[in-house]
Amino acid sequence: MSPQPASSPPLIVVLAAGEGTRMKSELPKVLHRVAGLPMLGHVLVAAALDQAHRAVVVGPGAAAVRAFVAGAAPEAAVFEQRERLGTAHAVLAAEPALAAHKGTVVVVYGDTPLLTAETLRRLLAETAGGAAVAVLGFRAADPTGYGRLIVEAGRLLAIREERDATAAERAVTLCNGGVMALAGGTALTLLRAIGNANAKGEYYLTDAVEIAN
(Lines give C-alpha, C1' and ligand atoms only; values in the text may rest on other atoms or scores of the structure.)
Protein backbone atom coordinates (compact mmCIF):
# COMPACT_ATOMS: atom_id res chain seq x y z
CA MET A 1 0.00 0.00 0.00
CA SER A 2 1.35 3.42 -0.93
CA PRO A 3 1.53 5.96 1.89
CA GLN A 4 -0.62 9.04 1.61
CA PRO A 5 0.99 12.20 0.24
CA ALA A 6 2.60 14.26 2.99
CA SER A 7 0.44 17.23 2.03
CA SER A 8 -2.85 15.35 2.47
CA PRO A 9 -4.54 16.49 5.69
CA PRO A 10 -5.92 13.79 7.98
CA LEU A 11 -9.50 13.29 9.04
CA ILE A 12 -9.72 13.09 12.82
CA VAL A 13 -12.84 11.38 14.12
CA VAL A 14 -13.59 12.21 17.76
CA LEU A 15 -15.80 9.67 19.54
CA ALA A 16 -17.96 11.57 22.04
CA ALA A 17 -21.09 9.42 22.33
CA GLY A 18 -20.39 7.91 25.76
CA GLU A 19 -22.93 8.56 28.49
CA GLY A 20 -20.38 8.65 31.29
CA THR A 21 -22.60 6.89 33.81
CA ARG A 22 -19.63 6.38 36.15
CA MET A 23 -19.32 10.15 36.46
CA LYS A 24 -22.61 10.20 38.42
CA SER A 25 -23.58 13.40 36.65
CA GLU A 26 -26.26 14.52 34.23
CA LEU A 27 -23.61 16.44 32.31
CA PRO A 28 -22.24 14.43 29.34
CA LYS A 29 -18.85 12.96 30.24
CA VAL A 30 -16.92 14.83 27.53
CA LEU A 31 -18.22 18.18 28.82
CA HIS A 32 -16.74 17.83 32.30
CA ARG A 33 -14.07 20.48 32.70
CA VAL A 34 -10.36 19.90 33.16
CA ALA A 35 -8.10 22.97 33.55
CA GLY A 36 -10.96 25.30 32.67
CA LEU A 37 -12.04 23.60 29.44
CA PRO A 38 -14.38 20.66 28.74
CA MET A 39 -12.41 17.48 28.02
CA LEU A 40 -13.81 17.51 24.49
CA GLY A 41 -12.44 21.02 24.04
CA HIS A 42 -8.88 19.89 24.77
CA VAL A 43 -9.25 17.05 22.25
CA LEU A 44 -10.62 19.35 19.56
CA VAL A 45 -7.63 21.66 20.05
CA ALA A 46 -5.20 18.74 19.61
CA ALA A 47 -7.19 17.59 16.57
CA ALA A 48 -6.81 20.96 14.85
CA LEU A 49 -3.31 20.09 13.67
CA ASP A 50 -2.01 20.56 10.12
CA GLN A 51 -5.30 21.61 8.52
CA ALA A 52 -6.95 18.39 9.68
CA HIS A 53 -10.61 17.81 8.95
CA ARG A 54 -12.58 17.07 12.11
CA ALA A 55 -15.68 14.96 12.69
CA VAL A 56 -17.40 14.33 16.02
CA VAL A 57 -19.65 11.34 16.79
CA VAL A 58 -22.26 12.05 19.47
CA GLY A 59 -24.96 10.00 21.13
CA PRO A 60 -28.72 10.45 20.70
CA GLY A 61 -30.15 13.57 22.27
CA ALA A 62 -26.71 15.08 22.88
CA ALA A 63 -27.82 18.67 22.37
CA ALA A 64 -25.26 20.06 24.80
CA VAL A 65 -22.37 18.28 23.07
CA ARG A 66 -23.59 19.43 19.64
CA ALA A 67 -23.83 23.00 20.91
CA PHE A 68 -20.30 22.88 22.31
CA VAL A 69 -18.87 21.53 19.05
CA ALA A 70 -20.72 24.22 17.09
CA GLY A 71 -18.99 26.87 19.16
CA ALA A 72 -15.54 25.30 19.52
CA ALA A 73 -15.14 23.77 16.04
CA PRO A 74 -17.89 25.17 13.80
CA GLU A 75 -16.46 23.54 10.67
CA ALA A 76 -16.48 20.06 12.22
CA ALA A 77 -19.05 17.59 10.91
CA VAL A 78 -21.24 16.06 13.62
CA PHE A 79 -22.72 12.56 13.32
CA GLU A 80 -24.99 10.58 15.63
CA GLN A 81 -24.46 7.02 16.81
CA ARG A 82 -28.05 6.02 17.47
CA GLU A 83 -27.22 2.64 19.04
CA ARG A 84 -24.13 1.87 21.13
CA LEU A 85 -22.84 -1.26 19.39
CA GLY A 86 -19.10 -0.76 19.86
CA THR A 87 -16.25 1.51 18.84
CA ALA A 88 -16.09 0.44 15.19
CA HIS A 89 -19.84 0.99 14.94
CA ALA A 90 -19.31 4.47 16.39
CA VAL A 91 -16.66 5.35 13.82
CA LEU A 92 -18.92 4.12 11.01
CA ALA A 93 -21.54 6.62 12.17
CA ALA A 94 -19.25 9.12 10.41
CA GLU A 95 -19.25 7.04 7.21
CA PRO A 96 -20.18 9.99 4.92
CA ALA A 97 -17.04 11.83 6.05
CA LEU A 98 -14.93 8.67 5.75
CA ALA A 99 -16.17 7.97 2.24
CA ALA A 100 -15.36 11.50 1.08
CA HIS A 101 -11.86 11.51 2.60
CA LYS A 102 -8.71 10.24 0.85
CA GLY A 103 -6.09 10.79 3.54
CA THR A 104 -5.35 9.05 6.82
CA VAL A 105 -8.20 8.67 9.32
CA VAL A 106 -7.34 9.07 13.01
CA VAL A 107 -9.77 7.94 15.70
CA VAL A 108 -9.54 9.61 19.12
CA TYR A 109 -11.78 9.76 22.17
CA GLY A 110 -13.45 12.90 23.47
CA ASP A 111 -12.53 12.14 27.10
CA THR A 112 -8.72 12.19 26.67
CA PRO A 113 -7.78 15.79 27.54
CA LEU A 114 -4.02 15.09 27.80
CA LEU A 115 -3.75 14.06 24.14
CA THR A 116 -1.46 16.42 22.21
CA ALA A 117 -1.09 17.40 18.58
CA GLU A 118 2.53 16.21 18.73
CA THR A 119 1.44 12.70 19.68
CA LEU A 120 -0.99 12.68 16.77
CA ARG A 121 1.76 13.82 14.40
CA ARG A 122 3.98 10.93 15.55
CA LEU A 123 1.13 8.52 14.86
CA LEU A 124 0.54 10.03 11.41
CA ALA A 125 4.24 9.63 10.62
CA GLU A 126 3.77 5.86 10.89
CA THR A 127 1.02 5.74 8.27
CA ALA A 128 2.94 8.18 6.07
CA GLY A 129 5.81 5.69 6.29
CA GLY A 130 3.68 2.84 4.95
CA ALA A 131 1.81 1.36 7.91
CA ALA A 132 -1.81 0.46 7.16
CA VAL A 133 -2.71 0.85 10.85
CA ALA A 134 -0.85 2.61 13.67
CA VAL A 135 -1.87 2.43 17.33
CA LEU A 136 -0.95 4.45 20.39
CA GLY A 137 0.13 2.19 23.26
CA PHE A 138 1.51 2.44 26.79
CA ARG A 139 3.16 0.24 29.38
CA ALA A 140 1.20 -0.45 32.58
CA ALA A 141 2.49 -1.97 35.81
CA ASP A 142 -1.02 -3.38 36.24
CA PRO A 143 -2.68 -3.85 32.82
CA THR A 144 -5.94 -5.20 34.24
CA GLY A 145 -8.92 -4.00 32.23
CA TYR A 146 -6.98 -2.74 29.22
CA GLY A 147 -6.78 -4.21 25.75
CA ARG A 148 -3.34 -5.76 25.13
CA LEU A 149 -1.11 -5.03 22.15
CA ILE A 150 0.12 -8.35 20.80
CA VAL A 151 3.52 -7.73 19.17
CA GLU A 152 5.91 -10.19 17.55
CA ALA A 153 9.27 -9.24 16.03
CA GLY A 154 8.37 -5.56 16.25
CA ARG A 155 5.09 -5.95 14.37
CA LEU A 156 1.68 -5.33 15.93
CA LEU A 157 -0.41 -8.43 15.17
CA ALA A 158 -3.58 -7.82 17.17
CA ILE A 159 -5.23 -5.97 20.02
CA ARG A 160 -6.94 -8.34 22.42
CA GLU A 161 -9.65 -7.14 24.78
CA GLU A 162 -9.09 -8.56 28.26
CA ARG A 163 -12.27 -10.63 28.38
CA ASP A 164 -11.28 -12.28 25.08
CA ALA A 165 -7.59 -12.74 25.94
CA THR A 166 -5.76 -15.95 26.83
CA ALA A 167 -3.82 -16.18 30.10
CA ALA A 168 -0.57 -15.52 28.20
CA GLU A 169 -2.07 -12.46 26.49
CA ARG A 170 -3.31 -11.08 29.82
CA ALA A 171 0.29 -11.16 31.07
CA VAL A 172 1.27 -8.63 28.38
CA THR A 173 1.86 -5.15 29.86
CA LEU A 174 1.79 -3.20 26.58
CA CYS A 175 -1.71 -1.76 26.45
CA ASN A 176 -3.98 -0.08 23.94
CA GLY A 177 -4.11 3.70 24.38
CA GLY A 178 -7.27 3.95 22.28
CA VAL A 179 -5.93 6.20 19.51
CA MET A 180 -5.66 4.61 16.07
CA ALA A 181 -4.65 5.82 12.61
CA LEU A 182 -5.91 4.08 9.47
CA ALA A 183 -3.97 4.88 6.29
CA GLY A 184 -5.68 6.64 3.42
CA GLY A 185 -7.84 4.39 1.28
CA THR A 186 -8.05 1.57 3.83
CA ALA A 187 -10.28 2.91 6.62
CA LEU A 188 -13.71 2.03 5.24
CA THR A 189 -12.59 -1.37 3.97
CA LEU A 190 -11.21 -2.30 7.39
CA LEU A 191 -14.17 -0.89 9.33
CA ARG A 192 -16.75 -2.68 7.18
CA ALA A 193 -14.89 -5.97 7.64
CA ILE A 194 -15.14 -5.88 11.45
CA GLY A 195 -17.57 -8.38 12.96
CA ASN A 196 -18.98 -8.84 16.46
CA ALA A 197 -17.93 -12.41 17.32
CA ASN A 198 -16.66 -11.60 20.81
CA ALA A 199 -17.74 -11.84 24.44
CA LYS A 200 -19.75 -8.60 24.30
CA GLY A 201 -21.20 -9.00 20.81
CA GLU A 202 -19.88 -5.56 19.86
CA TYR A 203 -17.99 -4.20 16.85
CA TYR A 204 -14.49 -3.45 18.17
CA LEU A 205 -12.35 -0.90 16.36
CA THR A 206 -9.36 -2.81 17.73
CA ASP A 207 -10.13 -5.72 15.36
CA ALA A 208 -8.89 -3.52 12.49
CA VAL A 209 -5.32 -4.55 13.38
CA GLU A 210 -5.88 -8.28 12.83
CA ILE A 211 -7.88 -7.62 9.67
CA ALA A 212 -5.11 -5.41 8.28
CA ASN A 213 -2.56 -8.13 8.99
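Observations
- Pairs with Cβ under 6 Å, 6+ apart, first in region 184-202 and without any contact (Cβ under 8 Å) to a residue 24 or more places away in the chain, second assigned to a loop (DSSP other than H, G, I, E, B) and open to solvent by less than 40 Å² (accessible area, probe 1.4 Å): none
- Candidates A193, A158, A165, filtered to the one that is in contact with a strand residue (DSSP E or B) (Cβ under 7 Å, 6 or more places away or on another chain) and closer than 24 Å to G129 by Cβ: A158
- Leading residue by the ranking (nearest to V65 (Cα to Cα)) among those in region 17-40 that are free of Cβ contacts under 8 Å to residues at least 24 places away in the same chain and small (G, A, S): S25
- Condition check for L115 on (1) open to solvent by less than 60 Å² (accessible area, probe 1.4 Å); (2) more than 30 Å from R33 (Cβ to Cβ): one failure, at (2).
- Tally of residues being in contact with a Ser or Thr (Cβ under 7 Å, 6 or more places away or on another chain) and either crowded, with 18+ Cβ neighbours inside 10 Å or at pLDDT below 95 (or both) across region 137-160: 3
- Among the residues of region 161-178, those identified as in contact with a helix residue (DSSP H, G or I) (Cβ under 8 Å, 6 or more places away or on another chain) and surrounded by fewer than 19 Cβ atoms within 10 Å (Cβ to Cβ) are E162, R170.
The values are calculated or read from the model by the stated rules, or taken from the named source; none is laboratory data. Since we're looking at a predicted model, the values are computed, not measured. Note: ideal-geometry Cβ built from the backbone for every residue, glycine included; neighbour counts use all protein chains shown. Keep in mind that these areas ignore ligands, DNA and RNA; they rest on the heavy atoms of the full protein, side chains included. Shrake-Rupley method; radii C 1.70, N 1.55, O 1.52, S 1.80 Å.
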